[in-house]
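Visitor: Quick one: structure below, then a few questions.
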Amino acid sequence: MVFSPFAPDFALTATQHQGWPGLIRQYRQFLPVTEATPIVTLHEGNTPLIPVPTVAAEIGRKVQVYVKYDGLNPTGSFKDRGMTMAISKAKEAGDHAVICASTGNTSAAAAAYACRGGMKAYVLIPDGYVALGKLAQALLYGAEVIAIRGNFDDCFSLVRQLADHYPVTLVNSLNPYRLQGQKTAAFEVVDALGDAPDWLCIPMGNAGNISAYWMGFCEYQEQGKSQRLPKMMGFQAAGSAPLVTGELCRDPQTVATAIRIGNPANWEKAIAVREASQGQFNAVSDGEILAAYRHLAGKEGIFCEPASAASVAGLLKCKDQVPDGATVVCVLTGNGLKDPDSAIANSDNQAHTGVANHLETVAHLMGMA
Ligand code: F0G
């Protein structure tokens, strides 16, 4: 095969590209793609499962704790897993434009993959509540960014109506291809551990990701790739916790803007996952989220965004329930660089600024002179 950058799936032969081929090619037997599907990829997936011994030490009892660091995807969040599928299928269908509502990460991923697939992306975001890095991405990838005076739930209601009335394809997690792509994260966890973990701790906003992980764990078990299924432990921010309280949250508030959602799109699915896995949903306060955020960065060298730290905050909150010798995976959904403002505002550490260009002065600040 002759390589052409204009071939529909940017195909590369094995000798030209020996690396990770992206999650659709890696897991194509588990995904609804055919020879006719043009694969729009940024070689997403294959993110590391990293042991976090200082978190395990807080639990004790020989528990093993890992984080699935999905912030290392091409646009810095797990949304790339779903977007490679949604955009590839939209391209297969001949669509020219896609739309989503977003707290930021979905908009960045939609913008990047639409660009890659030669499509237009429209993104609706809650004005003033999207982290800086996510906004910067959507702009530079060339999306039409529309900031609404309202919250995510208002944006979501608008995009559903827009997709019904205009020639734009919805790429929020109601698009079934999104969850198909995202389920591959569960495959990777099992591939890395040799079996499913005992607990899977995960932040919830719209609850698409918890639904996708569960689908992945179940499919892998059916194929004999794993022996067991995990308990699915979902966590929401206390000020935005409809799945915990069982009631709509009309004015969601949390420092974890990525999961500032009061009316999750996948509500029923999430409840079904909790029941089927004998899992639990719990709320964590902003203080607990930020403590876990600082712990991961300051004790493990892992920089995630605040919403992602809800998984570790939740594990620590429920630590007395972790069985002896259990294996626990916490999902870190997004990269810390997405939200530099939160990092600077919530760090215990401060830069020495305006320091003289002078050897002894610097040595003194270093505590060495
Ligand atoms: N973590 C991060 C960093 C997110 O961006 C999101 C959702 C979640 C967790 C929750 O995932 O919605 O599948 O339960 N972000 C969406 C967005 C809402 O627009 O980027 P979920």
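Visitor: Show PHE303, PHE281 ordered by accessible area, largest first, where the area counts protein heavy atoms only and the probe is 1.4 Å.
Guide: Putting PHE303, PHE281 in descending order of accessible area: PHE303, PHE281.
Visitor: Once you have the alpha carbon radius of gyration of the stretch 148-211, what is it after dividing by 2.2 N^0.38 Å, with N set to its residue count?
Guide: Compactness ratio reported: 1.48.
Visitor: Take every Cα-Cα distance within the stretch 105-157, group them into 5 Å bins from 0 onward, and report for each bin the whole-number percent of pairs it holds.
Guide: 4, 24, 33, 23, 12, 4, 0
Visitor: A further question on this structure: Between ALA276 and GLN227, what length comes free when the chain is fully extended (0.36 nm per residue of separation minus the Cα-Cα distance, one decimal in nm)?
Guide: Fully extending the segment from ALA276 to GLN227 adds 16.0 nm.
Visitor: Counting DSSP beta bridges with both partners in the chain, what percentage is antiparallel, nearest 5?
Guide: Antiparallel bridges: around 15 percent, rounded to the nearest 5.
Visitor: Ok, one more. Using the Cβ atoms and a cut-off under 10 Å, what net charge is assigned to the surroundings of GLN253, where Lys and Arg are +1 and Asp and Glu are -1?
Guide: After counting each charged neighbour, the total is -1.
Visitor: Sorting SER226, SER157 by accessible area (1.4 Å probe), largest first, what list results?
Guide: SER157, SER226
Visitor: Report the extension gain between LEU193 and GLU35 in nm, rounded to one decimal, defined as 0.36 nm multiplied by the number of residues separating them, less their alpha carbon distance.
Guide: Stretched fully, the LEU193-GLU35 segment lengthens by 53.8 nm.
Visitor: Could you please report the charge total around ALA343, scoring K, R as +1 and D, E as -1 over all other residues with beta-carbon less than 11 angstrom from its beta-carbon?
Guide: Overall, the nearby charge balance is -1.
Visitor: Reachable aspartates and glutamates from LYS68, Cα under 18 Å, same-chain residues fewer than 8 places away excluded?
Guide: Here the aspartates and glutamates satisfying the reach criterion relative to LYS68 are GLU44, ASP80, GLU188, ASP191, ASP195, ASP198, GLU300, GLU305.
Visitor: Here is a follow-up. Which of the GluC sites (Glu not before Pro) found in the stretch 241-297 are in a DSSP loop and have at most 13 neighbouring Cβ atoms, other than their own, within 10 Å?
Guide: GLU247
Visitor: While we're looking at this one, here's another question. Tell me, what is the Rg over Rh of the stretch 216-369, with Rh the Kirkwood radius over Cα pairs?
Guide: That ratio is 1.11, to two decimals.
Visitor: OK, next. Reachable lysines from LYS62, Cα under 17 Å, same-chain residues fewer than 8 places away excluded?
Guide: LYS319
Visitor: Take the Cβ-Cβ distance between ILE50 and GLN18 as r, set R0 to 25 Å, and report the resulting FRET efficiency rounded to the nearest 0.05.
Guide: 0.55
Visitor: Please arrange THR245, THR37 by accessible surface area, largest first, computed with a 1.4 Å probe and ligands excluded.
Guide: Putting THR245, THR37 in descending order of accessible area: THR245, THR37.
Visitor: What nm distance separates the two modelled labels at THR361 and LYS62, each placed 7 Å from Cα along Cα→Cβ?
Guide: The answer from the label model is 5.7 nm.
Visitor: Further question: Once you list every other residue whose beta carbon is under 12 Å from the beta carbon of GLY262, what net charge do they have if Lys and Arg are +1 and Asp and Glu are -1?
Guide: Its environment carries a net charge of -2.
Visitor: Follow-up. Taking a quarter of the surface of the convex hull around the Cα atoms of the stretch 199-288, what do you get in nm²?
Guide: Seen from a random direction, the Cα hull of the stretch 199-288 projects 5.5 nm² on average.
Visitor: Now for a separate question. Ignoring everything but the protein chains, give the 1.4 Å probe accessible area of CYS155 in square angstrom, nearest 10.
Guide: Only protein atoms counted, so the area is about 0 Å².
Visitor: Apply the membrane-span-like helix rule to the chain: whole DSSP H runs, Cα extent along the own long axis of at least 15 Å, mean Kyte-Doolittle hydropathy at least -0.5. List the helices found.
Guide: Taking the DSSP H segments of the chain (at least 15 Å long, mean hydropathy at least -0.5), we get 105-116, 152-165, 208-222, 267-277, 286-300, 306-317.
Visitor: Still on this model: Please work out, to two decimal places, the log10 of the ratio I(q)/I(0) at q = 0.14, 0.19, 0.20 Å⁻¹ from a Debye calculation in which every Cα of the stretch 199-247 carries one identical scatterer.
Guide: -0.40, -0.64, -0.69
Visitor: To continue, here is another question. Would you calculate, for the chain, the mean residue ellipticity at 222 nm contributed by helices, counting each DSSP H stretch of 4 or more residues as -39,500 (n - 2.57) and dividing by all residues, to the nearest 500?
Guide: -11500 deg cm²/dmol
Visitor: Obtain the radius of gyration and the Kirkwood radius of the stretch 67-173 from its C-alpha atoms and give Rg over Rh.
Guide: 0.95
Visitor: Quote to one decimal, in nm, the extra length available between ARG28 and ASP341 on full extension: 0.36 nm per residue of separation minus the C-alpha distance between them.
Guide: Stretched fully, the ARG28-ASP341 segment lengthens by 108.8 nm.
Visitor: At a Cα cut-off below 16 Å, give the lysines reachable from LYS338, other chains included and same-chain residues fewer than 8 away excluded.
Guide: Within reach: LYS79, LYS134.
Visitor: Could you work out the mean projected area of the convex hull around the alpha carbons of the chain, in square nanometres to one decimal?
Guide: Its Cα hull, projected and averaged over all orientations, spans 21.5 nm².
Visitor: Using alpha-carbon pairs under 8 Å, 6+ residues apart, how would you state the relative contact order of the chain in percent?
Guide: 18 percent
The values are calculated or read from the model by the stated rules, or taken from the named source; none is laboratory data. Predicted model, so just to flag it, every value in this text is computed and none were measured. Methodologically, a virtual Cβ is constructed for each residue, glycine included, from the backbone with ideal geometry; neighbour enumeration extends over all protein chains shown. Side chains included, ligands, DNA and RNA excluded: accessible areas come from the protein's heavy atoms. Shrake-Rupley method; radii C 1.70, N 1.55, O 1.52, S 1.80 Å.
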